[in-house]
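What follows is a single structure, written as structure tokens, with notes after it.
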Amino acid sequence: MVNYKDKKAEKVTTMQKTFISMIAATALSAGAVMPAFGTEVTLARFFGSCQDAGTDVSAAVGEACIIQSIINAFDAENDDFDVTTLPTDWGNYYDQIIASYASGNPPDVHVMHRHRIPEYGQIGALADLTDDLMAHGIDPDDWTDSAREAVTWNDRILGVPMDLHANLWHVNMDLMEAAGLVENGQPILPSSPEEMMEHAEMVREATGQYYLAADFSEFEIGVRMVLAFLWQQDSNIFANGTATINTPEARNALELITGLFDGGYANSRTNYADSQQSFLNGEAAVLVNGTWVVDFYAEQAADEDVELTHYYVADFPTLYDEPATWADTHLWAIPASVKRDNPEVYEGALQLLAFINDHNIDWARTGHAAVRESVLNSDEYAALPHRSEYDNTVNIARDTPASARYGAIQDILNREFQAIWLTGKSIDAALSDAEEDVQSQLDR
Amino acid sequence: MFEQFKTDLRWAGVRQNLVAWVFLLPFVFVYVAFLIYPFGRGVWISLHDWNLLAVTFNPDAKTFIGLDNYLRLFWGTEMTWRAWARPVLQGLCVLAAVFFVWRYRIGELRWSTLWQCLMVLLLLMFLFGWAPGEGGRWFDRRFWPTVGNTVFFVAMVVPAITIISLLLATALNRETRGAAFLRTLFFLSQVLSVTVVTLIWQMMFSARQGLVANVVREFGGVPLSWLAEPGFAMAAIVIATVWWSIGIAMVLFLAGLQDIPQEMQEAAKLDRANSVQAFWYIILPNLKRTITLVVILQIILHFQVFGQAHLMTQGGPNDQTQVLVRYIYQTAFRDSDLGIASAMAVFLFVIMAVFSAVQFMVSREDEQ
């Protein structure tokens with residue numbers, strides 16, 4: 001089959017040569033800077049869009065701008081490759097990626113989650129990078145064990161990890177202080193379900209505000225809270241191909257969350273944007289959200305126009321027996337077809353991944369945990385804002401068992417849990433339906 | 001001489017046929033390549049256990065399973081038949097049957113059409129009677145509720161668009177600058193993409209800073225999170241769709257209105273018919289063909305609703321706004337189950353065809 005990209009690259013190369021010769025002659029005489037033309041490397045990512053990310057990585061704030069500035073910096077520093085970031089949208093990202101693989105035209109390099117590795121790994125969709133990493137300055141031995149496991153499938157490395165991200169408790173210290181829930185400059189977090197309800201009542205009595213906010217009506221933040229409470233009770237949603245959702249542990253976790261809604265301590269109707277806004281407006285003492293917003297909230301707290309002033313980040317509290325919080329890993333992968341058919345593009349993609357790996361400390365500025373031991377042990381990392389406040393999160397990070405059906409399973413849980421707090425479906429019915437649906441996914 | 005004439009005539013006929021084919025071929029080619037072949041391919045895929053990603057990397061990864069995908073969608077375990085398993089739906093069938101009989105009695109429906117409609121309703125009554133018995137369950141418990149949501153959406157949107165756009169067209173069918181401006185204004189929403197429309201309405205319905213919420217607050221009420229509220233989420237999608245879609249229906253009605261002979265309206269005026277009577281006895285009967293066209297176009301269009309449900313509510317809360325095309329999309333591209341997704345798509349085609357045919361049949365009867 002004729003590879004359109006090869007033909008295009010060939011055409012570009014011929015045109016390029018002629019054009020560059022002309023430019024070079026002019027540049028030599030005028031002393032001008034020669035423009036760069038290189039092999040195109042297409043890249044797909046989520047994290048949102050950033051207008052004018054520029055190439056100054058150190059000045060960027062937030063996931064979208066930090067990653068785009070890293071990509072732009074690589075593009076600017078490398079004349080041999082031109083990186084094109086494809087337009088994608090978080091809500092449909094994986095659907096787009098699957099469709100692009102199915103159409104035989106996947107992006108040359110793309111970001112994905114650890115939880116998607118089984119789905120792509122089992123069909124050989126991703127390039128095996130194991131033997132090419134060291135040659136490009138990427139040392140897998142420098143990665144944490146968890147990061148190495150995240151990108152490994154059947155003992156082969158299929159990606160370059162970028163972080164460990166997890167659910168945290170983002171805290172408004174002023175509201176907690178008003179409720180008497182601050183001690184030695186740290187928030188007092190609950191250590192049992194009963195204590196959580198007591199704290200919630202204290203916050204409401206003292207401030208009239210919600211105790212806790214989270215996205216309970218859109219993405220899976222609520223699901224991740226339930227999962228954390230399940231793991232804390234040594235339970236899980238499935239094991240060895242059998243769904244185990246309709247359990248007393250799941251009932252406990254869900255009753256705890258619905259108790260917050262019933263008591264008026266949290267609002268079940270808030271989506272991601274609304275929950276975040278209510279936290280920034282000082283309408284909730286705690287926001288449950290991920291590591292990806294730490295630098296953004298810190299920046300907002302420093303803004304005089306924002307109600308949130310004293311911001312603190314805490315590990316997800318342990319309300320049951322064992323500490324646990326939901327976590328995942330962002331990683332970069334290259335399609336197997338790129339390695340097989342297009343060595344020049346593969347080379348460019350690997351160099352880009354090495355560049356991103358080198359900027360692990362910059363990516364960690366978002367709030368994510370770094371994946372390189374050398375970064376984790378550096379003073380620069382330790383000095384990142386709020387870092388010491390949630391440094392135990394990496395030790396309590398958990399996720400559901402690996403499954404090629406991860407996306408569908410999360411969607412089932414999100415639908416059924418939302419049905420409980422948005423439509424009044426009984427916990428028993430929702431758990432029974434969720435178990436049945438998850439089982440049918442596992443059986444496929 | 002006569003023989004020669006006959007031969008010439010025959011050759012002229014052949015030449016005419018050839019010319020016709022030359023003109024037709026490009027269309028036939030495009031029609032077959034982009035409609036017939038993909039449809040046939042879709043039916044073929046629906047007969048397989050076909051994982052989108054797996055088959056991409058290994059074309060042999062598919063398995064022929066006959067009608068299993070259809071069975072998985074339509075059927076369940078311990079299926080039993082009860083006369084009134086779904087009283088609401090079956091009650092609606094009875095009401096529809098009474099309606100058709102009434103139309104037959106007043107002479108607006110022929111016996112053959114009545115018979116066909118009653119057969120369809122009887123079939124539906126019979127099908128609605130099937131459900132999983134004790135200890136049984138649907139193989140896919142989300143499929144029928146999703147079909148129900150889609151039909152409900154169509155049942156809300158199509159009459160609303162037809163009535164509103166008909167009234168607007170009647171009101172704006174005049175040669176004034178104001179009417180021309182308003183016609184443009186009402187049509188403008190139609191040119192927006194679904195992304196823009198849903199963005200606008202998400203902002204409108206936002207409980208925090210939405211227009212609706214602000215109005216409610218002004219009157220001392222507590223604003224709702226429309227898109228997360230059971231009962232309101234579907235209403236929100238219907239409102240956004242009606243706002244988006246009245247433009248084209250209005251233009252079709254305007255074209256229909258301009259076809260009504262001026263003399264008829266003038267005669268009505270001379271007979272001292274007021275505007276309601278003129279609308280009821282002159283405009284409406286003359287617009288029957290246009291109404292049929294608008295209704296059939298809207299049925300076909302809105303059965304394929306996707307963007308609004310996908311972008312505004314993500315099918316929630318609790319699947320209350322989950323619609324067929326979104327389910328097909330998720331099954332194909334999130335779960336990679338292309339076989340089942342294709343079976344759903346074939347089913348969607350069939351129900352669109354049935355609804356359009358019934359509508360066409362009934363309206364053709366009206367004209368006769």
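Brief remarks follow.
- Restricting A:Met202, A:Met176, A:Met196 to residues that are in contact with a Gly (Cβ under 8 Å, 6 or more places away or on another chain) and more than 22 Å from A:Gln410 (Cα to Cα) narrows the list to A:Met202.
- Near pairs, Cβ below 7 angstrom, 6+ apart or cross-chain, from segment A:275-286 (within 12 Å of chain B (Cβ to nearest Cβ)) to any residue that is in a helix (DSSP H, G or I): A:Leu280/A:Gln300
- Taking segment B:273-352 and the helices (runs of 4 or more DSSP H) fully enclosed by it, the elements with 1 or more residues that are within 14 Å of chain A (Cβ to nearest Cβ) are at B:324-329.
- The residue of segment A:252-274 that is farthest from the other protein chains (Cβ to nearest Cβ), among those that are in a helix (DSSP H, G or I) and closer than 18 Å to B:Met312 by Cβ, is A:Tyr272.
- Residues satisfying the stated conditions in segment B:99-127, i.e. in contact with a Cys (Cβ under 7 Å, 6 or more places away or on another chain) and open to solvent by 50 Å² or more (accessible area, probe 1.4 Å): B:Leu124
So that you can scan it fast, the table gives a plain yes or no per residue for (1) assigned by TED's automatic domain parsing to the domain that holds B:Phe187; (2) within 24 Å of the chain's Cα centre (by Cα); (3) of a type outside the set (A, V, I, L, M, F, W, C):
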| residue | (1), (2), (3) |
| --- | --- |
| B:Leu252 | yes, yes, no |
| B:Gln258 | yes, no, yes |
| B:Gln262 | yes, no, yes |
| B:Asn274 | yes, no, yes |
| B:Pro285 | yes, yes, yes |
| B:Leu297 | yes, yes, no |
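- The residues of segment B:37-85 that are assigned to a helix (DSSP H, G or I) and of a type in the set (Ser, Thr, Tyr), listed by number, are B:Tyr37, B:Ser46, B:Thr56, B:Tyr70.
- Of the residues examined, B:Asp68 is one that is closer than 21 Å to B:Met344 by Cα, modelled with pLDDT of 95 or more, out of contact with any helix residue (DSSP H, G or I) (no Cβ under 6 Å at 6 or more places or on another chain) and within 14 Å of chain A (Cβ to nearest Cβ).
- A single member of A:Val151, A:Val171 is in contact with a Leu (Cβ under 9 Å, 6 or more places away or on another chain) and not assigned by TED's automatic domain parsing to the domain that holds A:Gln233, and it is A:Val151.
- On inspection, A:Gly282 passes the criterion of being more than 24 Å from the chain's Cα centre (by Cα) and at pLDDT 95 or above.
- Among the residues making up segment A:121-178, those that are over 23 Å from the mean Cα position of the chain (by Cα) and free of Cβ contacts under 8 Å to residues at least 24 places away in the same chain are A:Ile123, A:Asp131, A:Met134, A:Ala135, A:Asp155.
- Residues that are open to solvent by 40 Å² or more (accessible area, probe 1.4 Å) and either of a type outside the set (Lys, Arg) or in contact (Cβ under 8 Å) with a residue 24 or more places away in the chain (or both), drawn from segment B:195-211: B:Thr195, B:Val196, B:Leu199, B:Ile200, B:Gln202, B:Met203, B:Met204, B:Gln209, B:Leu211
- Yes/no for B:Arg217 being open to solvent by 50 Å² or more (accessible area, probe 1.4 Å), more than 14 Å from chain A (Cβ to nearest Cβ), at positive phi and not hydrophobic (A, V, I, L, M, F, W, C): no
- Among the numbered conditions (1) crowded, with 18+ Cβ neighbours inside 10 Å; (2) within 14 Å of chain B (Cβ to nearest Cβ); (3) within 30 Å of A:Gln122 (Cα to Cα), the only one that A:Gln439 does not meet is (1).
- Within segment A:221-251, the set of residues being open to solvent by 40 Å² or more (accessible area, probe 1.4 Å) and in a helix (DSSP H, G or I) comprises A:Pro248, A:Glu249, A:Arg251.
- Single condition B:Leu257 does not satisfy, out of (1) at pLDDT below 90; (2) within 19 Å of B:Thr162 (Cβ to Cβ); (3) crowded, with 18+ Cβ neighbours inside 10 Å: (1)
- Options B:Val88, B:Val32, B:Val43: the member that is away from chain A (no Cβ under 14 Å) and more than 19 Å from B:Ser342 (Cα to Cα): B:Val88
- Residues located in segment A:296-308, provided they are open to solvent by 20 Å² or more (accessible area, probe 1.4 Å) and either among the β-branched types (Val, Ile, Thr) or in contact (Cβ under 8 Å) with a residue 24 or more places away in the chain (or both): A:Phe296, A:Ala298, A:Glu299, A:Val306, A:Glu307
- In the condition set (1) in a loop (DSSP other than H, G, I, E, B); (2) touching a helix residue (DSSP H, G or I) at 6+ places or on another chain (Cβ under 7 Å); (3) open to solvent by 10 Å² or more (accessible area, probe 1.4 Å); (4) over 30 Å from A:Thr258 (Cα atoms), A:Glu218 is compliant with all but (4).
- Here A:Pro87, A:Pro35 are screened, and the one residue that is modelled with pLDDT under 50, assigned to a loop (DSSP other than H, G, I, E, B) and open to solvent by 20 Å² or more (accessible area, probe 1.4 Å) is A:Pro35.
Matching residues to (1) open to solvent by 50 Å² or more (accessible area, probe 1.4 Å); (2) outside any helix (DSSP H, G or I); (3) under 26 Å from A:Val223 (Cβ atoms):
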position	(1), (2), (3)
A:Asp131	yes, yes, no
A:Ala135	yes, no, no
A:Ile138	no, yes, no
A:His165	no, yes, yes
A:Leu168	no, yes, yes
A:Pro190	no, yes, yes
A:Glu194	yes, no, yes
A:His199	no, no, yes
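- Residue among B:Val358, B:Val305, B:Val325 that alone is under 15 Å from the mean Cα position of the chain (by Cα), in the same structural domain as B:Val238 (by TED's automatic domain parsing) and open to solvent by less than 10 Å² (accessible area, probe 1.4 Å): B:Val305
- When residues of segment B:220-244 are limited to those that are assigned to a helix (DSSP H, G or I) and of a type in the set (Gly, Ala, Ser), the one nearest to the other protein chains (Cβ to nearest Cβ): B:Ala228
- Residues in segment A:182-196 that are over 18 Å from A:Gly259 (Cα atoms) and without any contact (Cβ under 8 Å) to a residue 24 or more places away in the chain: A:Val182, A:Glu183, A:Asn184, A:Gly185, A:Ile188.
- Test for A:Ala369: is it aliphatic (A, V, I, L, M) and within 18 Å of the chain's Cα centre (by Cα): yes
The values are calculated or read from the model by the stated rules, or taken from the named source; none is laboratory data. The structure presented is a predicted model; accordingly, all values stated were derived computationally and were not measured. Ideal geometry is used to build each Cβ from the backbone, glycine not excepted, and the neighbour counts take in all protein chains shown. These area figures cover heavy atoms from the full protein model, side chains too; ligands, DNA and RNA do not enter into them. Shrake-Rupley method; radii C 1.70, N 1.55, O 1.52, S 1.80 Å.
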